[in-house]
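Reading through the structure tokens given below for one structure.
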Amino acid sequence: CWLAKVRLDNAIKHLARTSPAITVRLHYRPFMIDPHTKPDGELYADYHRRRWGGDGWTAPMKRMGRAEGAPYANWKIWPNTHHASRLLLEAGRHGLGDAVIGRLYRACYEEGENVSRKEVVAAVAREAGVPNGDEYVLSGKGTDELAAELANAATSGGRRVRAAPTFELRAGASPALAFSGARETDEWLSLLHEAAEAAKPSAGA
């Protein structure tokens, strides 16, 4: 998810330089890869050994990340994202979902923080400027809302979300395009340009 976000961010930055008329708005919804992760998270090596027998699957991702701005330089914990997801929903109400998710990813993968912990997530809320976000996280609010979101995680077309990252790209009145996986930056640029073209009013409309 971190690499996927960095690639999308890079594409959006490129668009801002080369096609400033194109506006991209991001909205995040929570998804838990493994809801059975221990509440305080699990040590990176222990979790990977238990679930997959090792962390070999991360090697290509880390290699690509090092070249693209997401090196996964200090990934110590496989987190339980319950508190992070509660904050993400609250941040979205203030238009701060993107700032929060980016800060959470960096804290987890580059700074060695355990974003399973309320205190760490509350600090992220303060740094991202979520109004009263730290109090929200520490209070435990939003648990029922999160449970409902996770139980009904689906695209607008009704496709059940089963992997992270999953994206849904909407432009104007065109049908939404849903897909999973960390697309390359160039792929994102093509998709965003195509979406911008689709959103333009048709001739004579």
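The values are calculated or read from the model by the stated rules, or taken from the named source; none is laboratory data. Owing to the predicted nature of the structure, the values given are computational and were not obtained by experimental measurement. Positions of Cβ are backbone-derived with ideal geometry, glycine not excepted, and every protein chain shown enters the neighbour counts. The protein model used for the area step is the full one, side chains on, heavy atoms only, and it has no ligands, DNA or RNA in it. Shrake-Rupley method; radii C 1.70, N 1.55, O 1.52, S 1.80 Å.
Values computed for the structure shown
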read-out	value
Cβ crowding within 10 Å averaged over residues, with 187-195, 44-52 ranked highest first	187-195, 44-52
Taking segment 83-205 and dividing mean pair separation by its residue count, relative contact order in percent (alpha carbons under 8 Å, at least six apart)	18
Paramagnetic reach from LYS76 (point 7 Å along Cα→Cβ, amide N under 13 Å) across segment 35-59	42-45
MET64, MET32, reordered so the largest accessible area comes first (probe 1.4 Å)	MET64, MET32
Distance violations [Cα-Cα > 29 Å] among LYS62/LYS141; LYS62/LYS200; LYS13/LYS38; LYS13/LYS141; LYS5/LYS118	LYS62/LYS141; LYS62/LYS200; LYS13/LYS38; LYS13/LYS141
For the chain, built as a Gaussian network whose Cα springs stay under 10 Å, the top-fluctuating residue of GLY181, GLY157, GLY97	GLY157
Segment 122-205, accessible surface, carbon-and-sulfur percent (1.4 angstrom probe)	51
Cα shape, segment 1-101, gyration tensor, a/c 1.5 rule	oblate
Amide H contacts of ALA70 (H built 1.01 Å from N, under 5 Å, at least 5 apart or other chain)	none
Segment 51-205 - accessible surface per residue (Å², probe 1.4 Å)	53
Vicinal HN-Hα couplings computed from phi for segment 186-191 (Karplus, 6.51 cos²θ - 1.76 cosθ + 1.60; Hz; Gly/Pro x)	4, 5, 4, 4, 4, 4
Apportionment of accessible area to carbon and sulfur, segment 1-45, percent (1.4 Å)	56
For GLU184, solvent-accessible area (1.4 Å; no DNA, RNA or ligand), Å²	80
Over 33 Å [Cα-Cα, the chain], rounded percent	16
